[in-house]
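What follows is one structure encoded as structure tokens, with my remarks underneath.
Taken together, the values in this text are just the output of simple stated rules run on the coordinates, not laboratory data. A quick note: this is a predicted structure, and the numbers were derived from the prediction, not measured. Note that each Cβ is placed from the backbone with ideal geometry, even for glycine, and that neighbours are counted across all protein chains shown.
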Amino acid sequence: MNYPKNRSKWTQSELDILKVVGKYLPIEILCASFNKHSRSSILSKLHDTGIKKERRNIITNSDKYTNMSLGNYISGFVDGEGCFGCRKYILKRDNSERYIIEFRIALRGDDKLILEQIQKYFNCGKLFKRSTESQRLKGINAKDQVEYRVANTFDLWTKVVPHFDKYPLRAKKKRDYITWRKAVEYSINCNRRYSPTDRQFMDSLIIELREGRGWDGL
């Protein structure tokens, strides 16, 4: 994304994420993640938060470190940009209730490369283009987006869940993940054949997810 460097203010959400991932990620990855800000601005924030001293022990030529840093980078990235979703819909052909459980990340179209790397990491899911032409016709300066989405329940359980169990989320999205994980596990255990009791439980998780995304205030 081609933002003017040093002109974007740091949001509290960005600072919270930087405090977590800044301890172990190489500066190159931090620059790619916080690309609204210049390298000097990122280094300055690392210094202000007292993280810079803790970074001295980072060894970037270790395969073990590289795998760990990538996993933590993705979790930190998802803390800011990801979404854990669960929703219900009615199948028209037999009027039965079904559930869609999904993991999504949406970015501007010019950040497609980041999502391609995340897709390669998880080895599942698909990329979709999301047009914002209707908004532009209304005079809104909106850029087309690319979305990475995993909706296959087996892939969610065997590839996405193990990642976040190993590299846990640190910010508020952790609450969403805990609820969402219950939905994935429950769906796997009942083989997506939902009894009335199962549907009642899944509906309660959807409500819990929705209510958990409220703003806690300052």
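Once label points are set 7 Å from the Cα along Cα→Cβ at both SER13 and ARG170, what is their separation, rounded to one decimal in nm?
About 1.7 nm separates the two model spin labels.
Give the residue list of GluC sites (Glu not before Pro) in the range 152-218 that are DSSP loop and have at most 10 other beta-carbon atoms within 10 angstrom.
none
Across the range 79-212, how many lysine pairs, 8 or more positions apart or on different chains, have C-alpha atoms separated by under 19 Å? Please give the number.
Lysine pairs meeting both conditions in the range 79-212 amount to 18.
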